[in-house]
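The values are calculated or read from the model by the stated rules, or taken from the named source; none is laboratory data. Source: prediction; values computed, not measured. Please note: Cβ atoms are built from the backbone with ideal geometry, for glycine as well, and neighbour counts cover all protein chains shown.
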Amino acid sequence: MKKAIIAVIIVLAIAAGLTVPYFLKPKEDNVTVDTLEGSVYTQTHTVADYAKVYKKYVSRYFSGRINSYDSEDGLPDVCIPGLTGSRITVPQGAAYFNPKGWYLISACDPEGKMPSVIYALSGKTGEFKAQFNLKRDGKDYTGHVGGIGVSNYNLYLTGEGSEIGYIDLSMLYVPDGTVRDVAIAEFTDISEAVGGASASYVTVTDGILCTGNFFHTEEPYNKKAGKDYSSVVLSYTLKGKSSADEWKNFAKSAPKKYILPETVSKIQCAAIKGDKLFAVSSYGRRNDSEFYIFTAKAKLDEKTARVYTGMPMIEGFFIRNGSVNFITESASDKYNTRSYFFWKTSKNPTDVMWKFDYNESE
């Protein structure tokens, strides 16, 4: 019986075009590991030959108008930390912290055993520079932090349900190599503005904070944002002369409301830049995303929008220098699928930040 099993394994290996040595030792070209002292997370590519694989993604998505932050395109190698290793996280939101020149990425522990984190990566080199472990009321905060945004004074984030919270931005002015706990100062509930639905994201662009709900026909996401519409984008103009002042004004202000067409659901992130409203619709590790650029008006019109096919599980993005910079969930160990053999084969090798130049001519 044992001989028969061994024979079957060898036949399968040959059928797959593999030699026995390769079967025992999978190829790991270009895989690098960087660590931050005091952190349990590593900055590691989850796919071998990633530069080659990324090029295939460029041809498939956003009409070929994207670049991967992998240093092959003259961009820094912005590999998302915590995707693999002894502890993993799932990336959720992204922002740019201009005074420090850092990309910020929020992520959560899928098992809820470790605090949610915000990673800081150098905008010039992509190196892992700092890590902020989130606390709430003196305890580890394990919420998924579906989005983050940086204003003049605060870092805003989504909490559980319809909560939006903030961290005084001064807490992030730390030396390179810092790993520290950071307390979320306060939360406010915007459930009234989203009809009792959950707030699934937050972004800040040019002093405008955007948030909104994730509507889907399946439980538990089928809570509509209004009586006559399913999903909205809310925008708040941030004002204030200090962290506390800006937060106070935000928490008591009424948002401007943008109603999404009924045909557009499952919004993971949205932002406003000038007269444009950007939104991404994504659901499921095997389904492509849809990226929309609407003309920003009270009722968003899908007929006049520019629509691009994006890779699966685009989760968070921010607008900077005429480009959309975005991340996905799909490279995390939680969402990678496994081969029939003993090693992982990444089906969605999106373990870096990506850049979409939306202003290029059609």
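Pairs meeting the criteria (first residue in the range 250-263 and in contact (Cβ under 8 Å) with a residue 60 or more places away in the chain, second residue in a loop (DSSP other than H, G, I, E, B) and surrounded by 15 or more Cβ atoms within 10 Å (Cβ to Cβ), beta carbons under 7 Å, at least 6 apart or on different chains) are F250/L238; P255/A193. Checking each residue in the range 234-268 for being within 24 Å of the chain's Cα centre (by Cα), under 26 Å from D168 (Cβ atoms) and aliphatic (A, V, I, L, M) picks out L234, L238. Please tell me if K266 is in contact with a strand residue (DSSP E or B) (Cβ under 9 Å, 6 or more places away or on another chain) and on the phi > 0 side of the Ramachandran plot. Criteria met by K266.
Looking across the range 41-70 at every residue that is assigned to a helix (DSSP H, G or I) and basic (K, R), the one that is nearest to D288 (Cα to Cα) is identified as R60. Quick check on P91: is it in contact with a Lys or Arg (Cβ under 7 Å, 6 or more places away or on another chain), buried (at least 17 other Cβ atoms within 10 Å of the Cβ) and not β-branched (V, I, T)? Considered against the rule, which asks whether it is in contact with a Lys or Arg (Cβ under 7 Å, 6 or more places away or on another chain), buried (at least 17 other Cβ atoms within 10 Å of the Cβ) and not β-branched (V, I, T), P91 comes out as no. Here V150, V145, V174, V182 are screened, and the one residue that is without any contact (Cβ under 8 Å) to a residue 60 or more places away in the chain, in contact with a helix residue (DSSP H, G or I) (Cβ under 9 Å, 6 or more places away or on another chain) and crowded, with 20+ Cβ neighbours inside 10 Å is V150. If you go through the range 295-318 and keep only what is buried (at least 22 other Cβ atoms within 10 Å of the Cβ) and outside any loop (DSSP other than H, G, I, E, B), you end up with G310, I314, E315, G316, F317, F318.
Being part of a strand (DSSP E or B), within 17 Å of V202 (Cβ to Cβ) and either more than 14 Å from the chain's Cα centre (by Cα) or charged (D, E, K, R) (or both) is the requirement here; does I167 meet it? Yes; evaluated as a whole, the condition is true for this residue.
Right, V40: under 29 Å from M311 (Cα atoms) and either at pLDDT below 90 or surrounded by fewer than 13 Cβ atoms within 10 Å (Cβ to Cβ) (or both) or not? Here the answer is no, as V40 does not meet what is asked.
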